[in-house]
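K.L.:
My questions will all concern the structure given below.
The values are calculated or read from the model by the stated rules, or taken from the named source; none is laboratory data. Remember, it's a predicted structure, so these values are computed and weren't measured experimentally. Glycine gets a Cβ as well: all are built from the backbone with ideal geometry, and neighbour counts include every protein chain shown. Accessible surface areas use protein heavy atoms only, side chains included; no ligands, DNA or RNA. Shrake-Rupley method; radii C 1.70, N 1.55, O 1.52, S 1.80 Å.
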Amino acid sequence: MSKVNLPQKEELVSRRLDLLRAELVQLGWSAYLVWGTDPHESEYVAERWQTRKWLTGFTGSAGMVAVTPQAAGLWTDGRYHVQAETEIPSTVTLFKEGLPGVLILADWLKNQLPPGSTVGVCAETTSYERYQKLAVSLAEVGLTLEAGPDPLDKLWTERPPAPHSPVWDYQAQVNLETRAEKLARLRQILTLKKTSVVLSALDDIAWLLNLRSQDIPFVPVFMAYALVSEERALLFADLDRLSPVIPALARDGIQVRPYEAIEDELAKSTGSLWFPPQTNLALLSAARRQAPPAQQPALFHQPSPVSALKTIKSSQELDLIREAHRKDGAALVEFLTWWETKPQELTELEAAQKLDEFRAGQGGWQGPSFDPIPGFREHGAIIHYKVSEGKGSPLSGDGLFLLDTGAQYLEGTTDVTRTLCIGTPLPLQREDYTLVLKAHLQVSLAVFPRGTRGYMLDAAARHPLWKAGRQFYHGTGHGVGHFLSVHEGPPRLNSEPLPTALEPGMVLSNEPGVYRPGQWGVRIENLVTVVEGPSTEFADFLTWETLTLCPYERQLIDISLLTAEEKAWVDQYHHNLKTVLFSRLSPQAQRWLEKACAPL
């Protein structure tokens, strides 16, 4: 849809909305909600489940669409406000979440629908957690929520099939804790709870069983469910593509079943079942389907035990992740060396693609970990900017170029942002950059007691920007998986008071920013891991090890705005990365790095 012009998009979206409205009448629903995810609540989804994009033209990775007989609305957060303005037609109203006075979904639906109306959602792609929260908010305004079939199945006549990529054994490639060892750790938890667990998050399954695939863009996972008890481990996926790994799985006591057999298996269950909150409603219904109410299995909903295990990286995983960042650092420095003397004018996307060429030369590169965000000038102010037409804007003349990219290596996942200066910077651009650097350094320098939550450090990072009257509307940091999703929960550095404490082994991003709509954007991002700090009579303290290895943009640093401690940290960081990367670089890149890492 992104390649059609705006009048065509208006007509196309209007036609699809009208078809959906006619189908809602048949279902007895007064409104329908779409969040554009798959049955596994994945962030990035295969084309089959990109329903939000198909219905509205919005290509961002987060947002909710509501369709009523007379209107349609899109709610999305601050990362996508500017992008959504450019992508959705006038037939869809944009609601910018997080801004004062913006109408929330329940109130908007109350204004659109008669009391007692029923709002529909797709059971297969709606999680238990989402459904429960939404049902409560709609009940407060006199509306009913109901889960049922996906009406788009009938309307989307050229809907792509489910993905079917080969599955391979990751633990045969690298030094990892084995799946047998991981299953033993999981079963210790299940024994204490006296339950079996239903796993639907694709990265949970890939991590637990040390399997990888390419069913979803940027995340090396495959469509599957798992059911693990003290006695059995069942994997539900397409059997033909599992054939290369079935013998290895069998040796570890893992049985395989067809993907669609999960519902029948749950219907036969009699004991307690642990359903993580992201489990879809179709699976929950299956568990209650056959047995009479008095004999139905006990169901309880708590965060996935596998998510908690995988977010704390093992020593083997951290060693692999460090090697991934050494490879990525070498690729970044070679790219920046080439960038300084590049022979031809580039566009935004060409620059990102050139960086990936250097990454591909490092060995073990498996592709990007997300769509590149290569925003020049005003495009840098679009937090999740995506080149939608051609190769993007030419990088000519003076301006700031925000380049946010990441890679998947066999050793691990990377995510790095550097804001580069083309030509001569303005004083205000240097001030913005240095204030963002100061915010970034508040995380890097932090020492904090065990038990600290991410929102506490998020506030500390924002303080230098707040003092200067600046703010940004995304989190300071997100969790990152090990050769899995670049966005991994539950740890976060954001303003929401989440209960997850920071623990050694967690890997997160550190990425504050400043965005001036229509002018430029600045973001600086490293990945960091929590490590043990000093212990005193007051507390055991933690701190950070920085994983990303890439110099900061010297032209944009106003040294007068940095404290002595901040300057010392930058100098030490540059010294360390030079020491680690020097032997991996070409002679030309070595000379460039010497200059880029000279003391401030």
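K.L.:
If E317 satisfies every condition in (1) at pLDDT 95 or above; (2) surrounded by fewer than 19 Cβ atoms within 10 Å (Cβ to Cβ); (3) charged (D, E, K, R) but one, which is the exception?
P.N.:
(2)
K.L.:
So how many residues does region 164-216 have that are open to solvent by 10 Å² or more (accessible area, probe 1.4 Å) and aromatic (F, W, Y)?
P.N.:
Going through region 164-216 one residue at a time, the tally reaches 1.
K.L.:
Continuing with this model, one more query. Give the residues of region 320-359 that are without any contact (Cβ under 8 Å) to a residue 60 or more places away in the chain, open to solvent by less than 20 Å² (accessible area, probe 1.4 Å) and in contact with a Phe, Trp or Tyr (Cβ under 8 Å, 6 or more places away or on another chain), sorted by residue number. Break it down stepwise before answering.
P.N.:
Of the residues in region 320-359, the ones without any contact (Cβ under 8 Å) to a residue 60 or more places away in the chain are 335, 338, 341-359.
Among the residues that remain, those that are also open to solvent by less than 20 Å² (accessible area, probe 1.4 Å) are: 335, 346, 348, 351-352, 355, 359.
F335, E348, A351, L355, R359, listed by residue number.
K.L.:
Where in region 218-310 are there strands (runs of 3 or more DSSP E), lying wholly inside it, with at least 2 residues that are open to solvent by less than 10 Å² (accessible area, probe 1.4 Å)?
P.N.:
Values: elements: 225-228, 233-236, 254-257.
Fully inside region 218-310 and qualifying: 225-228, 233-236.
K.L.:
With within 30 Å of F236 (Cα to Cα) and open to solvent by 40 Å² or more (accessible area, probe 1.4 Å) as the only criterion, which of E43, E10 stands out?
P.N.:
Details: E10 fails: within 30 Å of F236 (Cα to Cα).
Testing whether each residue is within 30 Å of F236 (Cα to Cα) and open to solvent by 40 Å² or more (accessible area, probe 1.4 Å) leaves just E43.
A quick yes/no check of all residues on (1) without any contact (Cβ under 8 Å) to a residue 40 or more places away in the chain; (2) open to solvent by less than 10 Å² (accessible area, probe 1.4 Å); (3) out of contact with any strand residue (DSSP E or B) (no Cβ under 6 Å at 6 or more places or on another chain); (4) closer than 30 Å to D169 by Cα:
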{"residue": "Y385", "(1), (2), (3), (4)": "no, no, no, no"}
{"residue": "S388", "(1), (2), (3), (4)": "no, no, yes, no"}
{"residue": "G392", "(1), (2), (3), (4)": "no, no, no, no"}
{"residue": "L402", "(1), (2), (3), (4)": "no, yes, no, no"}
{"residue": "T417", "(1), (2), (3), (4)": "no, yes, no, no"}
{"residue": "L441", "(1), (2), (3), (4)": "no, yes, yes, no"}
{"residue": "L445", "(1), (2), (3), (4)": "no, no, yes, no"}
{"residue": "P449", "(1), (2), (3), (4)": "no, no, no, no"}
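K.L.:
Residues E411, E431: which one is farther than 29 Å from I321 by Cα and in contact with a helix residue (DSSP H, G or I) (Cβ under 8 Å, 6 or more places away or on another chain)? Walk me through it before giving the result.
P.N.:
Numbers: E411 fails: farther than 29 Å from I321 by Cα.
When all the criteria are applied, what remains is E431.
K.L.:
Next up: Evaluate the following for Q132: is it touching a His at 6+ places or on another chain (Cβ under 8 Å) and of a type outside the set (D, E, K, R)?
P.N.:
Numbers: touching a His at 6+ places or on another chain (Cβ under 8 Å): no; of a type outside the set (D, E, K, R): yes.
It is false that Q132 is touching a His at 6+ places or on another chain (Cβ under 8 Å) and of a type outside the set (D, E, K, R).
Residue-by-condition table, conditions (1) at pLDDT 95 or above; (2) within 19 Å of D203 (Cα to Cα):
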| residue | (1), (2) |
| --- | --- |
| N5 | no, no |
| Q8 | no, no |
| E11 | no, no |
| A22 | yes, no |
| S30 | yes, no |
| L33 | yes, no |
| H40 | yes, yes |
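K.L.:
Let me ask something additional. Exactly one of (1) within 25 Å of the chain's Cα centre (by Cα); (2) without any contact (Cβ under 8 Å) to a residue 40 or more places away in the chain is unmet by P163. Its number?
P.N.:
Against the list (1) within 25 Å of the chain's Cα centre (by Cα); (2) without any contact (Cβ under 8 Å) to a residue 40 or more places away in the chain, P163 comes up short only on (2).
K.L.:
If you take the residues in region 51-87 that are without any contact (Cβ under 8 Å) to a residue 60 or more places away in the chain and in a loop (DSSP other than H, G, I, E, B), which one is most open to solvent (accessible area, probe 1.4 Å)?
P.N.:
Q70
K.L.:
Out of all the residues in region 429-480, which are farther than 21 Å from E496 by Cβ and either among the aliphatic types (A, V, I, L, M) or at pLDDT below 95 (or both)?
P.N.:
Matches in region 429-480: L435, V436, L437, L441, L445, V447, A468.
K.L.:
For region 460-499, give me each residue that is in contact (Cβ under 8 Å) with a residue 60 or more places away in the chain and hydroxyl-bearing (S, T, Y).
P.N.:
Matches in region 460-499: Y473, S485.
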